[in-house]
Amino acid sequence: MLEIKNLHASIDDTKILKGLNLKVSTGEVHAIMGPNGSGKSTLASVIAGREDYDVTEGKIDFMNNELSELSPDERAREGIFLAFQYPVEIPGVSTTNFMKTAVNQVRKSKGEKPLDAVEFLKLMKEKMKLVNIKQELLSRSINEGFSGGEKKRNEIFQMAMLNPKLSILDETDSGLDIDALKIVSNGVNTLRSKDNATIVVTHYQRLLNYIVPDFVHVLMDGKIVKSGDKNLALELEEKGYDWIKVKN
Amino acid sequence: MVESLNLEKSISRELDKDVKLMKSNTLKNIKGSLKTYKEEYKYTPLFKKTANKIQINDSKLDYDIEKIKSSIPKNDDYKIIVIDGLYKEELSKIPSGVLINKYSDLSEDMKGEFQKAYRGFDDSKKDIFSSINTINHLECLTICVEKDVNIKNKISIINFTNSTQSSYFRKSILIKKSSYVSFSEEFLGSTEEISFSNSVSEIFLDENSKLDYFSCQNFRKNFHFNSINVFQRKDSISNFHTYSFSGATIRNNLNILLKDKNCYANMYGFYAIKNKSHIDNHTTVDHMDENSISNEHYKGIVEGGSRGVFNGKIYVRQKAQKTNAFQSNNNILLSDNAKVNTKPQLEIWADDVKCSHGCTVGQLDEDALFYLMSRGIPKKEATSILLSAFSSDITEKIEDDNLRKHYEELILSELEGLNYE
Ligand SMILES: Nc1ncnc2c1ncn2[C@@H]1O[C@H](COP(=O)(O)OP(=O)(O)OP(=O)(O)O)[C@@H](O)[C@H]1O
Ligand SMILES: [Mg+2]
């Protein structure tokens with residue numbers, strides 16, 4: 001589904017990704033771990049198409065298409081979803097209206113007819129239940145004044161609404177209490193299928209007890225330096241990242 | 001430059017003795033208003049652009065009345081129709097409790113009542129275009145809202161400009177004690193040619209009265225000068241909503257004098273400027289007595305090659321203790337060569353007051369744009385969502401649901417035409 005080859009990316013002439021390779025197939029869950037500043041969020045943004053980053057080398061294929069020419073909205077309509085590490089607050093735009101526009105844009109690109117108010121509400125109710133988010137929150141401006149946990153839940157709610165092929169969850173677990181973590185993980189697991197795939201970026205092994213990964217990768221200094229199965233996360237938690245540095 | 005205008009002609013044909021005197025006094029003082037022109041029109045050289053259009057055209061204007069009729073909304077709402085400054089009773093619909101007359105047709109008593117409004121406090125001593133309006137206008141339309149009248153449905157004022165030269169509109173509005181009225185004013189051009197419309201309105205709010213005033217300017221290539229001068233008595237409330245869209249050059253003066261205690265004035269404005277046009281809002285609030293509140297918020301979006309100007313003056317006189325005066329102006333520039341000049345000016349002589357002012361000039365929030373796009377919304381729609389959200393602080397101040405919807409839709413359609421690069 002996703003194949004990243006020798007990806008180099010920089011921002012304002014600072015090199016951040018330095019030859020990264022990653023292959024994700026349908027039905028899989030990949031976890032990416034790594035120290036602060038190693039380039040995890042950068043990778044997520046580059047896949048989602050943020051234009052501030054220059055891809056200087058390498059390429060990303062998604063569903064056998066080269067992504068480089070696609071704008072962020074086109075990538076989203078192709079089925080890529082990014083749950084932001086720091087969701088943006090947007091005053092004056094309610095999540096409900098925003099989602100209605102987004103869902104119908106995605107439908108339009110698939111040649112489906114737009115949902116009417118009743119159908120949309122039905123879909124929304126169903127997905128709200130999944131992440132246990134209140135209507136009241138969704139009629140407010142996007143993320144404005146939301147608590148950290150509410151913002152993360154809103155991300156997963158949006159993911160559920162858009163039903164993407166590839167979801168990238170950038171530290172969706174950070175700052176969540178154990179109940180919220182269960183709710184969010186449960187949402188993610190419910191949406192998992194053999195046709196989609198998930199990349200979770202996290203610092204904590206704890207999340208991986210709930211969202212069990214098929215692969216764990218360690219990203220350091222802009223490259224994936226080690227990959228393994230879920231036991232790698234346990235090992236990392238125990239030994240820290242220095243252990244890898246020493247081994248290399 | 002004024003000498004070349006031959007304004008004496010307008011005075012010599014005036015029939016009303018008092019008005020004639022007012023006109024000739026204004027002409028005598030016009031040098032004074034010219035003096036402040038340079039400073040007040042620093043960014044808006046309106047005179048240079050319209051000098052050859054300022055004179056009134058003597059030839060009898062014929063216009064296509066059917067065409068005009070077709071652009072008047074066909075509903076039962078109250079409306080006041082004015083063509084090139086002349087009131088058209090047969091096309092208008094006036095609620096009871098409201099009296100509409102030409103000033104020259106008023107009884108001596110009524111003239112006395114309007115004296116203050118009509119001739120008392122326009123800004124022609126300081127403003128050259130108001131001076132020219134005072135001298136050149138053919139007819140002053142008086143609107144009197146009688147005492148204790150509550151007019152729930154808004155009254156539309158539709159002004160048509162036909163002349164390819166200039167049209168002068170002059171209104172004097174008197175809202176008597178404890179009355180409420182809502183006006184929604186619009187200027188429409190019926191010629192394809194570039195013209196100049198010049199409008200001056202004086203509004204007198206008597207004790208305990210309330211006014212809502214909507215002004216919508218949506219020209220294509222017109223030059224428009226508009227001055228509204230407001231005088232408020234004790235316990236009165238005014239709410240001004242000024243929406244300006246394209247137009248070659250628009251200059252708005254809104255001057256509010258809070259004469260007594262316990263007055264309340266709200267001034268909200270929104271502008272979206274495109275097609276190399278130019279919109280200038282100059283406002284003044286003068287707090288003369290204790291315990292009054294003024295609250296002003298203007299927001300605007302400016303496309304490349306266009307310019308916005310905002311100048312807000314607040315005066316708090318020594319007697320005006322316990323004044324609350326707030327002002328802010330926020331702008332989004334859509335490209336590097338879009339320009340905004342914004343300037344708050346506060347002069348405070350009283351010591352026990354709360355005043356605040358602030359202005360911002362910024363760009364569209366890139367993080368927000370990426371967030372919306374990352375959910376599948378194309379750049380153009382995402383931008384338009386963000387810009388209309390930006391305008392929502394202003395539109396949400398409109399209490400009437402239908403009217404608010406109307407302005408929200410107008411803004412959306414205006415935003416679609418904006419150029420982002
Ligand atoms: N605009 C920028 N200009 C220069 N450097 C930047 C810019 N944005 C990010 N960086 C740098 O890029 C590096 C990678 O940042 P990134 O956010 O991808 O790290 P991360 O792995 O997600 O870290 P964390 O675990 O703290 O979230 C950091 O060193 C960061 O300071
Ligand atoms: Mg990060």
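The values are calculated or read from the model by the stated rules, or taken from the named source; none is laboratory data. Quantities reported herein were computed from a predicted structural model and do not represent experimental measurements. All Cβ positions, even for glycine, are placed from backbone atoms using ideal geometry, and neighbour counts span all protein chains on display. Note: accessible area is taken over every heavy atom of the protein model, side chains too, but ligands, DNA and RNA are not part of it. Shrake-Rupley method; radii C 1.70, N 1.55, O 1.52, S 1.80 Å.
What to note about this one:
- Look at the dipole of region B:3-260 built from charges on Cβ: of B:Asn218, B:Ile100, B:Leu254, the Cα furthest out on the positive end belongs to B:Leu254.
- Across region B:82-88, rounded Karplus estimates of 3J(HN,Hα) from the backbone phi angles (6.51 cos²θ - 1.76 cosθ + 1.60, θ = phi - 60°) give 10, 10, 6, x, 9, 6, 10 Hz, Gly and Pro being marked x.
- Residues whose amide H lies under 5 Å from that of A:Gln85, counting only those 5 or more places away or on a different chain, are A:Asp170; hydrogens are built 1.01 Å from N in the peptide plane.
- In sequence order, calculated HN-Hα J values of region B:173-180 (Karplus, 6.51, -1.76, 1.60; Hz; x Gly/Pro): 10, 10, 10, 7, 3, 6, 9, 10
- Phi angles of region B:42-47 translate, via the Karplus equation with coefficients 6.51, -1.76, 1.60 and θ = phi - 60°, into HN-Hα couplings of 3, 9, 10, x, 5, 4 Hz per residue; Gly and Pro are given as x.
- If you plug the beta carbon distance of A:Thr56 and B:Lys322 into 1/(1 + (r/R0)^6) with R0 = 56 Å, you get a FRET efficiency near 0.35.
- Å² per residue, accessible surface of region B:3-260 at 1.4 Å: 42 Å²
- Label-reachable residues, region B:177-215, where backbone N falls under 20 Å from a point 7 Å from B:Lys261's Cα toward its Cβ: B:177-178, B:205-210
- Of B:Lys125/B:Lys261; B:Lys35/B:Lys116; B:Lys299/B:Lys405; B:Lys74/B:Lys171; B:Lys20/B:Lys102, pairs whose Cα-Cα distance is over 20 Å: B:Lys125/B:Lys261; B:Lys35/B:Lys116; B:Lys74/B:Lys171
- Unit charges on C-beta of K, R, D, E only; dipole of region B:3-260, Debye: 700 debye
- Amide H contacts of B:Gly300 (H built 1.01 Å from N, under 5 Å, at least 5 apart or other chain): B:Tyr271, B:Asn330, B:Asn331, B:Ile332
- Principal-axis analysis of the Cα atoms of chain A puts helix A:178-191 at an angle of about 80° to the longest axis.
- Size of electric dipole in chain A: Cβ of Lys, Arg +1 and of Asp, Glu -1, about Cα centre, debye, nearest 20: 620 debye
- 0 to 90° range, to nearest 10: angle between helix B:401-416 axis and chain B longest Cα axis: 60 degrees
- Peptides B:239-248, A:147-156, B:34-43, ordered by how many other C-beta atoms sit within 10 Å of their residues on average, highest first, read B:239-248, A:147-156, B:34-43.
- Dipole of chain B, positive direction: furthest Cα of B:Ser384, B:Thr44, B:Cys263, with charges on the beta-carbon: B:Thr44
- Exercise: per-residue mean of other protein chain Cβ atoms within 10 Å, B:357-368: 2
- A convex hull fitted around the alpha carbon atoms of the protein assembly as shown yields 191 Å³ per residue.
- Among beta bridges identified by DSSP and lying wholly in region B:3-260, the antiparallel ones come to about 10 percent.
- Computed E for A:Asn97/B:Ser96 - FRET, C-beta separation, R0 45 angstrom, nearest 0.05: 0.60
- About the Cα centre, charge dipole magnitude for the protein assembly as shown (Lys/Arg +1, Asp/Glu -1 at Cβ), debye: 560 debye
- Site pair B:Thr360 and A:Lys134 shows an inter-label distance of 2.8 nm when each label is modelled 7 Å from Cα along Cα→Cβ.
- Cross-link pairs B:Lys38/B:Lys313; A:Lys15/A:Lys245; B:Lys53/B:Lys154; A:Lys151/A:Lys223; B:Lys126/B:Lys177 - those with Cα-Cα distance over 23 Å: B:Lys53/B:Lys154; A:Lys151/A:Lys223; B:Lys126/B:Lys177
- Whole-Å semi-axes of region B:3-260's equivalent ellipsoid (Cα gyration tensor): 26, 22, 18
- Accessible surface buried once A binds B (1.4 Å probe; total of both sides; Å²): 1900 Å²
- Under conditions of 10 °C and 1.306 mPa s, region A:2-247 yields 85 µm² s⁻¹ as its translational diffusion coefficient, taking Rh as the Kirkwood radius over Cα pairs in the Stokes-Einstein equation.
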